[in-house]
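First comes the structure, then the notes that go with it.
The values are calculated or read from the model by the stated rules, or taken from the named source; none is laboratory data. The shown structure was predicted, so the numbers you read here are calculated from the model rather than taken from an experiment. Heads up, the Cβs are rebuilt from the backbone with ideal geometry, glycines too, and the neighbour counts pull from every protein chain shown.
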Amino acid sequence: MKNEVLMQTGIFYVRLKAEIDPKEFRVERSGKTVFVGELLTTGRPYPVLAVEYLRGSDAAYTLYHIPIDNNTIEWMSADLFVFARD
């Protein structure tokens with residue numbers, strides 16, 4: 001087992017942050033800018049299926065892969081969410 005990387009997986013749940021107004025906050029989706037309220041419901045927990053950490057030359061970003069309300073799966077910025085505790 002020398003030099004092996006062990007990976008664990010598990011689903012956790014997140015919700016939109018309370019201070020985000022889904023009718024005003026916009027995100028880019030499939031090359032278009034849309035309101036968060038068109039994709040997600042306030043207060044609803046969403047399962048995170050995967051996490052991606054991207055490091056650019058000037059910043060680092062974390063993305064969550066979550067199923068959104070129209071039954072598709074999208075990468076969304078982790079900055080929009082808090083952990084759902086219940």
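Computed quantities for the displayed model
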read-out: Residues being surrounded by 11 or more Cβ atoms within 10 Å (Cβ to Cβ), farther than 14 Å from Phe12 by Cβ and of a type outside the set (D, E, K, R) - total across region 31-71; value: 11
read-out: In region 53-82, the residues that are of a type in the set (D, E, K, R) and in contact with a Ser or Thr (Cβ under 7 Å, 6 or more places away or on another chain); value: Asp69
read-out: Selected residue (criterion: farthest from the chain's Cα centre (by Cα)) from residues of region 5-63 that are basic (Lys, Arg), part of a loop (DSSP other than H, G, I, E, B) and at pLDDT 85 or above; value: Arg44
read-out: All positions within region 72-86 that are loosely packed, with under 14 Cβ neighbours inside 10 Å and part of a loop (DSSP other than H, G, I, E, B); value: Thr72, Arg85, Asp86
